[in-house]
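These notes are about the structure you will find just below.
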Amino acid sequence: MRFAPGMNFLIGNNGQGKTNILEAVYYLALLRSFRTSVIDDLCQWPQNSFVLHGLLESAPNPPETLAVSYGSERRLLINDAPVYRASDFINRFLCVTFIPQDMDLVCGPPAQRRRFLDIAISQLDAGYLRHLQAYYEALKSRNAMLKAPDKFPPATIRAYDQVLVKHAVAIELARRNFAVSMNAILVEKSRQLFGEQQLVILKYLSRLGFFLESCEGDEEELTKAYSHGLQHGFERDLKSGTTNCGPHRAELNCLLDQKLLHKFGSQGEMRMASLAMRFALLELIRCRQNPDDVVILVDDVIGELDEQRRVNFINELSKSGQILFACTRIPREFTASAQVLKIRGGKIED
């Protein structure tokens with residue numbers, strides 16, 4: 001299918017394949033799904049493989065083709081040339097999603113919010129992904145040794161501390177800066193969705209141990225604090241068989257008027273706060289990228305909004321270059337021209 005610039009509506013009843021199309025576009029952008037972390041779940045039942053192919057057109061840049069095949073192994077191609085590192089493939093175009101699962105950004109498990117942090121910052125900073133990959137590779141090795149202390153002496157295990165510290169501090173600084181930038185934008189987004197009296201803010205918690213949590217300093221101070229934290233907690237790590245402090249334990253809390261939303265907020269407030277977070281991220285990306293290079297994927301998330309907030313939502317969307325909006329019918333608040341694709345039984349109807 002060929003999507004038009006501006007708004008594209010994917011119209012169809014439930015279970016016809018609308019979300020599948022959004023998921024395919026998202027996978028081409030980030031090599032992951034917004035719905036599941038299990039790659040095999042993306043294969044059409046009962047197959048064990050899939051192939052995606054996309055053509056990017058964004059003047060004045062030359063057209064670019066992206067292809068992914070997944071089966072016994074994953075193969076990546078850009079303009080028919082093999083690519084061997086995921087970091088060289090992702091973010092050829094940028095995606096921001098508005099999906100029902102966004103409620104997890106407020107009330108879901110901490111892992112979902114760390115995932116939001118990592119994907120968002122990776123879209124803004126290519127170097128962040130490299131730090132993240134290196135950190136988790138070292139963490140995996142350290143944890144494997146901690147689970148077998150009879151085979152590995154403490155000095156061998158502690159040899160990974162320096163690598164962890166180097167990349168953890170870079171991750172920590174990037175996440176703190178991201179939270180500050182998001183909160184600056186959330187002032188306006190809160191006003192649009194909640195009114196003048198209420199404010200959504202994000203509070204990033206390192207959860208890296210006392211030594212780093214209380215440290216507000218620069219890279220050098222964070223390095224010293226985190227090194228001290230790993231040293232101080234080593235005996236605990238040995239007993240538990242895992243590394244207990246690091247970016248993999250961080251949390252991102254969402255507060256409405258200084259109250260934790262997942263404890264004190266209503267379903268409607270949590271839904272609007274998740275939309276505010278997504279709009280803040282979209283604005284942050286727009287400030288650093290060409291807005292026409294951002295593709296927005298919307299999976300029917302406005303049903304719980306009142307009329308004015310639905311209008312505000314659609315007005316915000318319309319500022320971007322290309323929107324793919326999956327729904328059962330076109331929202332009555334939308335009045336501009338758009339391409340309409342009707343989806344039935346996994347196929348596009350004329």
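Couple of notes before you dig in:
- Farthest toward the positive end of the dipole of segment 1-142, out of I99, A24, H53, is the Cα of I99, where the dipole comes from beta carbon charges about the Cα centre.
- Net length available on complete extension from Q339 to D306 is 9.4 nm, with 0.36 nm assigned per residue and the Cα-Cα distance removed.
- The angle separating the long axis of helix 161-194 from the principal Cα axis of greatest extent in the chain is about 40 degrees.
- Accessible surface for H228 stands near 90 Å², nearest 10, in the context of the full protein assembly shown (1.4 Å probe).
- Net charge of Cβ neighbours under 14 Å - reference G241; Lys, Arg +1; Asp, Glu -1: +3
- All-pairs alpha carbon distance profile, segment 233-281, 10 Å steps from 0, percent: 22, 32, 19, 23, 4
- Eligible lysines near K18 by straight Cα distance, threshold 16 Å, same-chain separation 8 or greater: K342, K347
- When only alpha carbons of the chain are considered, Rg and Dmax amount to 21.9, 69 Å.
- Semi-axis lengths, Å, segment 145-206, gyration tensor of Cα atoms, sqrt of 5 times eigenvalues: 43, 12, 6
- Quarter of Cα convex hull surface for segment 199-324, i.e. mean projection, nm²: 11.1 nm²
- Sequence-separation-based contact order of the chain, relative, with Cα cut under 8 Å and 6+ spacing, percent: 28 percent
- Rounded to the nearest 10 Å², the accessible area of H53 at probe 1.4 Å: 130 Å²
- Within the chain, helix-based [θ] at 222 nm, where runs of 4 or more DSSP H residues each add -39,500 (n - 2.57), nearest 500: -14000 deg cm²/dmol
- Neighbourhood net charge (14 Å Cβ-Cβ; Lys/Arg +1, Asp/Glu -1) for V294: +1
- Cα-based Rg of segment 34-122 normalised by 2.2 N^0.38 Å, two decimals: 1.28
- Overall size of segment 91-178 from C-alpha positions, given as principal axis extents largest first: 48, 26, 23 Å.
- Positive-end ranking of C245, V200, A336 along the dipole of the chain, with charges on Cβ about the Cα centre, is headed by C245.
- Each other residue within a Cβ distance under 14 Å of Y160 adds +1 if Lys or Arg and -1 if Asp or Glu, for a net charge of +2.
- Coil-residue GluC sites (Glu not before Pro) of segment 159-198, DSSP, other Cβ within 10 Å capped at 16: E196
The values are calculated or read from the model by the stated rules, or taken from the named source; none is laboratory data. Treat the numbers as computed from the prediction; the structure is a model and nothing was measured. Neighbour counts are summed over all protein chains in view; Cβ atoms, including those assigned to glycine, are modelled from backbone coordinates with ideal geometry. Surface accessibility is based on the protein's heavy atoms, side chains included, excluding ligands, DNA and RNA. Shrake-Rupley method; radii C 1.70, N 1.55, O 1.52, S 1.80 Å.
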